[in-house]
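The values are calculated or read from the model by the stated rules, or taken from the named source; none is laboratory data. Quantities reported herein were computed from a predicted structural model and do not represent experimental measurements. Cβ coordinates were reconstructed from backbone atoms using ideal geometry, including for glycine residues, and neighbour counts include every protein chain displayed. Quick note on the areas: whole protein, heavy atoms, side chains included, nothing else; ligands and nucleic acids left out. Shrake-Rupley method; radii C 1.70, N 1.55, O 1.52, S 1.80 Å.
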Amino acid sequence: MTSAPQESLASQAPPVPDILSPAFAADPYGAYRIMRESHPLIRHEATNSYLVSRYEDVERVFKDKAGEFTTDNYDWQIEPVHGKTILQLSGREHSVRRALVAPAFRGTDLQEKFLPVIERNARELIDTFRHTGEADLVDAFATRFPVLVIADMLGLDKADHDRFHGWYTTVIAFLGNLAGDPEVAAAGDRTRQEFAEYMIPVIQERRKAPGDDLLSALCAAEVDGVRMSDEDIKAFCSLLLAAGGETTDKAIASIFANLLTHPEQLAAVREDRTLIDRAFAETLRLTPPVHMIMRQPAVDVELGGGRVPAGSTVTCLIGSANRDASRYRDPDRFDIFRTDLTSTTAFSAAADHLAFALGRHFCVGALLARAEVQTGVNMLLDAMPDVRLADGFIPSEQGVFTRGPASLPVRFTPVAGA
C-alpha cells in the first residue's frame, strides 16, 4: 500500500494499516484519520485500486459534475453475482431503467402500498419477543426485518426467508471480497445461478397472472416504449435483496447501538419520535453500513493530490469521508442535534453525508430505508420503553466493506397487556 505522491507529508506520518489487515478491521476509523491527514490518495496494490478518504474527494467522485467517473467497475464487481444491473448503466439507458423502478420507492406507492407491508412485518417480528423481556436486536429483528419486507413487497414466499438471507449474505461477501478469496467468488457464482433458477419462473408466472405487488409492477412497467426483460427484473430483485437487506439491517442495529450507548439521546428520541430521522442521519454519517463504493475514471484525473489513471478503480472510503473534520465538527462524536448535518435532506440526492452516494447513482431505495427505520424504531421503542443493553455488554462493529454490530443483546420490561 503506497501513498501517491505526497512523499514529504507521508514520510512524517504514522503508517496506515492495510485495509486487508486485522488491525484495520478492528479499528478502521483510526486508519481513516491517518489517511485523511497524511495519505489522502493511496495506491493499494492488492486490490489494484486507489483509495480516497477525504470528504471533498469522495463527494467530487460521487457528484461527478465533469463526467469523469463511470460505474464500469460494476462489470466485474457485481455483474458476476447479480447479472447486469441499473448500477452499470449510464445516459438514457440508465435514466429509463431508473424511471421504471423508482415509483415503487417514493410517494404514493411507498405510502399506500408498502408502508402497511413494512408495519406488518415489524409487528410480526416484535411479537415473537416482546413478552420475553430480552432479545438480541440483531438476530431477532435487524437481520430479518428488511429481507422480509422486500420479499413481501415482491410477493415472494416469506417462508423462503432463510434462502433469501443466505443468498444476500453470500452476495455481500462477494462484493467485499477484497482479498480475492476463490471460495467466496465461487459461492457468489453459485448464488447467481440459484437465484436465477428461483426467480425466473416466478417472473414468468407473474407476467401471466399479475398481482398487486412490486414484481408484477416491474413486469408491467413501461417508459418510452421500453419494458424490463426477465433478466433485467431478476437482476434488480437480486440487487434489491442484497443492497436493501444488508444496508438497512446494519443501519437499524447501528442506530440502536449508538442510542443505547448515549442514553440521554435515546431518551430524547423516545420522547420525540420526530428525532428518529436525525438519529438515522447521524448514524449514516458516523457508522455507515457501507464503508466503500468504487468508481472508475474514464480519463486521467487529479484526485487527493495525485494523478489517477483512466480505467483504474477508485475506492471511495465513505466511512472515512463522513468523519472528516474539515466537514463536520467533532466528527467522531455521535450527536443527533449537530448543526452541520441536515436531516431534512438526508434521504435525498441533496444529502450532506455520503452513505447513500450522491449524483445520478444516489441510492434509489433511500426513502424505503427511511420508512423501514422510522417504523421499526418506533415500534421497538413502544414495545421496549425502558430498553437497555444487557449487563456488561459493549457494542462493537464487524466488517470492512460493510460494517455494523454483530450482536446487540438488550433487556427491557415487557409492556403490560401488549
Once fully extended, how much extra length lies between Arg190 and Ala325, figured as 0.36 nm per residue of separation less the alpha-carbon to alpha-carbon distance? 44.3 nm
Take Ala26 and Asp382, extend 7 Å from each Cα along the Cα→Cβ direction, and tell me the distance between the two endpoints in nm. 4.4 nm
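Hey, can you find the accessible area per residue of the chain for me, probe 1.4 Å, expressed in square angstrom?
40 Å²
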Find the percent of Cα-Cα distances in the chain that exceed 27 Å, and round it to a whole number. 51 percent
What part of the accessible area of the range 130-225, given as a whole %, is carbon or sulfur when the probe is 1.4 angstrom? 48 percent
R0 = 25 Å: FRET efficiency of Ser396 with Asp162, Cβ-based, nearest 0.05? 0.45
Roughly speaking, what is the centre-to-centre gap between the range 216-287 and the range 290-351 when only Cα atoms are used, to the nearest Å? 19 Å
Gaussian network model of the chain, Cα springs within a sub-10 Å range: biggest mean-square fluctuation belongs to which of Ala122, Ala325, Ala355? Ala325
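Percent of accessible area on the range 243-319 owned by carbon and sulfur, 1.4 Å probe?
Carbon-and-sulfur percentage of accessible area, whole number: 54.
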For an R0 of 25 angstrom, estimate the FRET efficiency from the Cβ-Cβ distance between Asp75 and Glu302 and round to the nearest 0.05. 0.50
Could you pull out the chymotrypsin sites (Phe, Trp or Tyr not before Pro) across the range 305-368 that fall in loop regions by DSSP (anything but H, G, I, E, B) with no more than 15 other Cβ atoms inside 10 Å? Phe337
Describe numerically, in nm with one decimal, the distance between label points set 7 Å from Cα along Cα→Cβ at Ala268 and at Arg120. 3.7 nm
Calculate, in nm to one decimal, what Lys113 and Asp18 gain on full extension: separation in residues at 0.36 nm each, minus their alpha carbon distance. 29.6 nm
Just add up the charged neighbours of Ala267: K/R +1, D/E -1, any other residue whose Cβ is under 13 Å from the Cβ of Ala267. -1
Over the Cα atoms of the range 120-182, Rg to Rh with Kirkwood Rh, two decimal places? 1.08
Distance (nanometres) between label positions extended 7 Å along Cα→Cβ at Asp139 and Asp230: 4.0 nm
Ordering of 162-171, 383-392 by packing [mean C-beta count within 10 Å, highest first]: 162-171, 383-392
Around Val202, with a cut-off of 15 angstrom between Cβ atoms, what is the net charge of the other residues, counting Lys and Arg +1 and Asp and Glu -1? -4
